[in-house]
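All of the numbers you see were taken from the coordinates with simple rules; none came from a lab. Everything numeric in this text was worked out from a predicted model, so none of it was measured. No Cβ is skipped: glycine too gets one built from the backbone with ideal geometry, and neighbour counts run over all protein chains shown.
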Amino acid sequence: MKIVSVVGARPQFVKLAPVHRASVAAGVEHVIVHTGQHYDPMLSDVFFDDLGIAAPDVHLGVGSGSHGVQTGAMLAALDAVFDAQRPDWVLVYGDTNSTVAAALSAVKMHLPVAHLEAGLRSFNRRMPEEHNRVLTDHAADLLLAPTEVAVGHLASEGLAERTVLVGDVMTDVLFEVRDAVAGRLSPLVAELGLESGGHYVATIHRAENTDDPARLAEVTGALAALDKPVVLLAHPRVVAKAASHGISLTQGSLIAHAPLAYPDLIASTLASAGVVTDSGGLQKEAFLLGVPATTVRTETEWVETVALGWNVLANTAEEITAAVARARPAATDAAPYGDGNAAQRVIKVLEQHSR
Ligand code: UD1
């Protein structure tokens, strides 16, 4: 069996790592195509190096642009790649522009498409990621769902027959890296002289929180007023938007810091009093690490983290302050994201469904 994985943005490299490892272990031919959506070394190369992923076989070098320009450049470039590769499966990951471009190009070339992390929904039609997910799920031949809730969403859209529950591959990586960094000093504690358990880790990058100056000012103002230092691991989008809006990312409790490599992010999260984020991955990683999360959005795709009390949605400055100050949730042994062996299941399911 030959699989072509198409990835382009940071969270996709994390998901690719266990899939690549499981492919190699199963003797499957695995071709990696990097669209180039994320090109800064700290958003890209460092993940391949730290997570043991082979270098991409093909790099499209697409880079930044408006949604149409970025997605269109990927589509144009992928046709030739798929034509040359002719894999048994094109595997697409998550909800980025790279995901929808690869799904659309492959399905029109009559190549079987599998969508990993299928069925997540925010039901927020203003999020570009929501359109990417819905369009990809409806185009794909096989929907690899991470949770029971995702399976339910796919069923309610008439896609039950194409759906298989495999668990969450990000959980596979997280468990491994958590064990590898156990006992390691958090780089933020070491570098910034912070107290372990005496600071928060924050990430803000979504368009709905960064693009409008008043909105970004509200979020950064709330973070700057928190009771402990807040290290903002600043994605290039928030750095660029803050600069153009004239907003400082180091003010009050808020300290801007470059993004971290994945093992450093996990060590830092473990040493924090909580995370404040609009990232999909980090809210779930915090839950799996037993760290309370506050999600700066009005909805989440990872509803289990909220139901179990480890994640609170907070949109206004007042809501953010109150959510961060809340009491620590009760411990839970619920495991809605699987057992850490999802990637092996992915490969098995692809083999079973190969034409
Ligand atoms: C993308 C995904 C989002 C994911 C996020 C993770 C889409 C629509 N969004 O958002 O789902 O959660 O990645 O990080 O696909 N930039 C750089 N260097 C880089 C990459 C980006 O400077 O390596 C800047 C560019 O100026 C670009 C901006 O960041 O305009 C946004 O990048 P883009 O790829 O459009 O989306 P993200 O916000 O990263």
Checklist outcome for this item: With a ≥ b ≥ c from the Cα gyration tensor eigenvalues, square-rooted, and the rule rounded for a/c under 1.5, otherwise prolate when a/b > b/c and oblate otherwise, segment 57-125 is oblate
Checklist entry - Taking H as built 1.01 Å from N, whose amide H comes closer than 5 Å to the amide H of L232, not counting residues under 5 places away? => result A202, I255, A256, H257
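Quick one: net charge around V181, please, counting Lys, Arg +1 and Asp, Glu -1 for every other residue with C-beta under 12 Å from its C-beta. Spell out each step's value before the answer.
Values: positive: R178, R184; negative: D50, E176, D179, D264.
Once positives and negatives cancel, what remains is -2.
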Next on the checklist: Quick one: 3J(HN,Hα) in Hz for segment 318-334, Karplus 6.51/-1.76/1.60 with θ = phi - 60°, rounded, Gly and Pro as x.
Outcome noted: 4, 5, 5, 4, 5, 5, 5, 7, 5, 5, 4, x, 6, 4, 9, 10, 5
Next on the checklist: Using the Karplus curve 6.51 cos²θ - 1.76 cosθ + 1.60 with θ = phi - 60°, what ³J(HN,Hα) values do you get for each residue of segment 43-50, in whole Hz, with x for Gly and Pro?
Outcome noted: 9, 9, 3, 4, 6, 4, 5, 6
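Sort segment 120-255 into rounded, prolate or oblate with this rule: let a ≥ b ≥ c be the square roots of the eigenvalues of the Cα gyration tensor; rounded if a/c is under 1.5, and if a/c is not under 1.5, prolate when a/b is larger than b/c, oblate otherwise.
It comes out oblate by the Cα gyration axes.
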Checklist outcome for this item: Most exposed to least, judged by fewest other Cβ atoms within 10 Å, S244, S272 sort to S244, S272
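Fewest first, what order do H245, H205 take by the number of other Cβ atoms within 10 Å? Each step should come with its number before you reach the end.
Details: H245 16, H205 19.
The order, fewest Cβ neighbours first, is H245, H205.
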Checklist outcome for this item: Scalar couplings 3J(HN,Hα) for segment 232-247 by Karplus 6.51 cos²θ - 1.76 cosθ + 1.60 (θ = phi - 60°), nearest whole Hz, x for Gly and Pro, are 8, 7, 7, 5, x, 4, 6, 5, 5, 5, 4, 4, 6, 8, x, 10
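Taking a ≥ b ≥ c as the square roots of the eigenvalues of the Cα gyration tensor of segment 177-324, is the shape rounded (a/c under 1.5), prolate (a/b larger than b/c) or oblate?
Working: a/c = 1.64, a/b = 1.21, b/c = 1.35.
Oblate is the answer for segment 177-324, as a/c is 1.5 or above yet b/c matches or exceeds a/b.
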Item to check | On Cα atoms only, tilt of 10-25 relative to the major axis of the chain in degrees | outcome: 50 degrees
Next on the checklist: Per-residue counts of other Cβ atoms within 10 Å, averaged by peptide: what ranking do you get for 95-104, 247-256, highest first?
Outcome noted: 95-104, 247-256
